[in-house]
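The values are calculated or read from the model by the stated rules, or taken from the named source; none is laboratory data. In this text the structure is predicted, and so the values were computed from the model without any measurement. Positions of Cβ are backbone-derived with ideal geometry, glycine not excepted, and every protein chain shown enters the neighbour counts. Areas reflect the complete protein model, heavy atoms only, side chains present, ligands, DNA and RNA absent. Shrake-Rupley method; radii C 1.70, N 1.55, O 1.52, S 1.80 Å.
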Amino acid sequence: MIKNYFKTAWRNILRNKFYALINVIGLTVGLTFGLLILLWVNDEFSFDTFNTKADRIYRINAQIGTGTSRQTWSGLPGPIAMHAIKDVPEVENSVRINSYGYPVYRYKDKLLSAGDHGAYVVDASLFKVFDYKLLKGNINNPFPDIHSIIITETTAKRFFGDEDPIGKVLLGNGKDNYTVTGVLADFPESSTFKADMLFSFELAKKNYQGGGYWKSLEQDWGDYFYDTYVLIKPGTSAKAVADKLTAIHLANQKEAVQAKLQYVAEPLLHLHLYNNDGTPAGLQTAKIFLIVAVLILIIACINYVNLSTARAMLRSKEVSVRKIIGAERKQLFAQFIIETTLFFVVAVMLSLIAVKSLMPVYNAISGKEMQFDLLDAGIWKVIILTVIGSLAASSIYPALLLSSFKPINALKGKVSLGVDNVLFRKGLVITQFIFSIVLIIGTLIIRQQLKYIQDKDLGYDKSHVFGVDMGGIYGHYDAVRAELMSQPGVVDVTRAGDNIVNINNGTGDTDWDGKDSKRSFLIHPLNIDETYINFFKLRIVAGRAFMSGKADSANYILNETAVREAGIKDPIGKLFSLHDKNGIIIGIVKDFHFASLKQKIEPAILCDAPQNCGTIFIKTTGMGAPQATKAAEKAYKAYNPVVPYSYEFLDANYDALYKTDMRSGTLFSIFAGIAIFISCLGLLGLAAYTAQVKVKEIGIRKVLGASVTNITAMLSADFLKLVVLSIIIATPIGWYAMQKWLQNYAYPVQMHWWVFALAGTSAIVIAFVTISFQAIKAALVNPVRSLRSE
């Protein structure tokens, strides 16, 4: 019986090749891109799940400040981890992590960089809290002494080839020897934390350079440097742990009380998809892509349902004959389910081949390193859920409809699908185009926002500027600057302690004339020299800029937001202190964007501190950029021959802030195009069916004088009405969805009416072109051929 079902289904497919081809293409494309998106979503939600204790691991974040100036920092003071174990019974273990190490290391005659993921100091408890695999070494004593180092497999291969790395000695910074005591399996791609080299946290303690009354790293409550993770005991409250750590900190530092310090526990499994303050970040993108995947699969299923139900009239006599010779409804139902299953078997096989072929390109666009391994149970989970859901959505209704015909009426030619079924089919077409138009609206607005980011005036000039870490040229800046300024491709040279594109450091350790004791204030310091403001074309709106010499070493320049947030009236000449350094406000700089446009401009303070500037910035003529980078390399190597020379253009740094957004925008555009393609494929099939059903009507109209244009308009009108209705429904949905998406940006674009008009017009044009292809073809047929049977 089952064999006969498959044989009959296969014959029916071969008998209707055009419709079968449309169904297979639609299902294949839908499944292919549905699977690709779902694999991406599955990867996003799988971050850090390889840790067996992931549900008990939390990163402790610090919230400081009040109101609009309140910030959340992932770094904590050094003593917190120690007190978490000693004074908080709910904590089972803790780990501190901080970047550390040198740019390059020497082994014999090899001079190699640390790697793309960098080097970190970590507590030895890292391997007790996280499930990182130590392939060689002692997990109970991973750092036998302060100069021990653990490296990943890839790093070991780069440095030592096939030699056993254990016991090998690396030379860092030309003076410090480190002995390899462990080899770590490369960090999983789904790990939020990755490194190439790990050092003992004891190094950070030894190299601690605190000032004032902080005697050691374990006593310094003011420097928020170290990412701190806690493993809490089963059944305990993470919030209770965070509250106890807050109380411990407040008891040890009175300034923290004034800064309104509050610790919060962020689950490890949230780190990848949430911001530090607990607000969604990548989570929203993942949800949007999940919705897009479901929409694409629904559109593909709608195509199949529409074509199956539309062609039900043509199969009514087949069903009736089967019923007359004894076929039961359940047997007919099974027949049509198997027919759909056969379509899906072909579509799934083709889609798996397509996914495998597209994966390298998909990874390049998405920035991921996903593997489509059919031996992976996780991959099959996605495939099976996708296929079963799509198969059920596509098969049940057509099978019920096709098996419901009454044989006598069908054989007499009196079968009608009924108003309900016709309306249902039209409703499916409208649904398809609602989804497609919403995706078109989303694509247009996302592209608008990303273009706005690229073109926005940031308040400073970053064009043709590249930065070089000073390293060994630190003490020779004046000579290097003079040399570079003599080069034809160089316009100007300056230095700073941070990159203007993304200034991360902040502090609440400030005071000023007339400060309200209840006011909490966070500010971003930036160390610069006297050439910096002119170099980046920052605008001084009050007072003056820094001058050469030491006269301004105790003076400050604030941005407009800092003055407003502090509530300082007539700030020029007022006293202001940063940490333990008292100074005078000599100028106000116009607000400029020194972070992502996803956040509002925050308070900033410019300090005349050349001695604390570790990066040199070089502005080129644009065309002369290659000569400028070579000149900088020559000057760099003259004073620092050991460390490899490297540079980064600020435009690239800026683009890196929005790399994820750009990739998501590109993927969204592709997926929107696929959804529209599948929708149009369905329209093509329905238009062909309509032309087939009305073939005699078309012939009569042509005999009576109707033109090709008249017939094309007649066949297109009903479909275009459905598209127009889809536009009316999709417009407010698209507006609402994009309004929610734009909330991620502190500076969103305005959604103008023409965006929705363009989306609607595009849908009408695309639909009309698709329908016209079949309509014109039908209108050009010789009427004699369609009427000769009468």
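Quick look at the values:
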read-out	value
Computed E for Asp116/Val345 - FRET, C-beta separation, R0 35 angstrom, nearest 0.05	0.25
Inverse of mean 1/r across different Cα pairs in the stretch 545-609, Kirkwood, Å	12.4
Full-stretch length increase - Ile670, Glu530 - with 0.36 nm per residue and alpha-carbon distance subtracted	45.6 nm
Order of exposure, largest accessible area first, which applies to Trp221, Trp753, Trp735 with probe 1.4 Å	Trp753, Trp735, Trp221
Anisotropy class of the stretch 650-770 from Cα gyration tensor, a/c 1.5 cut	prolate
Beta bridge orientation in the chain: antiparallel %, DSSP, nearest 5	80
Share antiparallel - DSSP beta bridges, the stretch 31-189, percent rounded to 5	80
Span-like helix ranges in the chain, DSSP H, alpha carbon extent 30 angstrom or more, Kyte mean at least 0.5	17-45, 282-310, 329-366, 377-402, 418-455, 659-693, 708-742, 753-779
Accessible heavy-atom area order of Tyr647, Tyr362, Tyr58, highest first, probe of 1.4 Å	Tyr647, Tyr58, Tyr362
Of Asn138, Val708, Pro79, farthest towards positive along the dipole that unit charges on Lys, Arg, Asp, Glu beta carbons give the chain	Val708
Distance (nanometres) between label positions extended 7 Å along Cα→Cβ at Asp516 and Gln739	3.3
Protein-only accessible surface order, largest first, of Thr494, Thr666 at 1.4 Å	Thr666, Thr494
Stretchable slack from Asp455 to Thr709, in nm (0.36 nm times residue separation minus alpha-carbon distance)	86.9 nm
Radius, Kirkwood style, for the chain when every pair of distinct Cα atoms is counted (Å)	31.4
Relative contact order (%) - criterion: Cα under 8 Å, at least six apart; region: the stretch 140-264	21
The stretch 616-658 - Kirkwood radius from inverse mean 1/r over Cα pairs (Å)	11.6
FRET efficiency, Asp55 to Ala247 (Cβ-Cβ, R0 25 Å, nearest 0.05)	0.50
Cα shape, the stretch 470-618, gyration tensor, a/c 1.5 rule	prolate
Coil-residue trypsin sites (Lys or Arg not before Pro) of the stretch 439-519, DSSP, other Cβ within 10 Å capped at 12	Lys456, Lys518
Cα shape, the stretch 449-529, gyration tensor, a/c 1.5 rule	oblate
Accessible surface of Phe424 - all protein chains present, 1.4 Å probe, nearest 10 Å²	80
Those residues of the stretch 657-687 whose amide nitrogen sits under 20 Å from the label point placed on Val765, 7 Å along Cα→Cβ	669-681, 683-684
Inter-site label distance for Val491 and Arg544 at 7 Å from Cα along Cβ, in nm	2.6
Convex hull volume per residue in cubic angstrom - Cα atoms of the stretch 704-779	86
His752 accessible area, 1.4 Å probe, all protein chains in place, Å² to nearest 10	80
Nearest-20 debye value, the stretch 504-631 charge dipole, Cβ charges on Lys, Arg, Asp, Glu	400
Sparse-neighbourhood loop sites, trypsin sites (Lys or Arg not before Pro) in the stretch 126-180 - DSSP loop, at most 15 other Cβ within 10 angstrom	Lys133, Lys175
Linear extension gain, Asn612 paired with Tyr647, 0.36 nm per residue minus alpha-carbon span	10.7 nm
Nearest-0.05 FRET efficiency for Lys157 and Phe424, computed from C-beta distance (R0 51 Å)	0.25
Accessible surface of Asp516 - all protein chains present, 1.4 Å probe, nearest 10 Å²	80
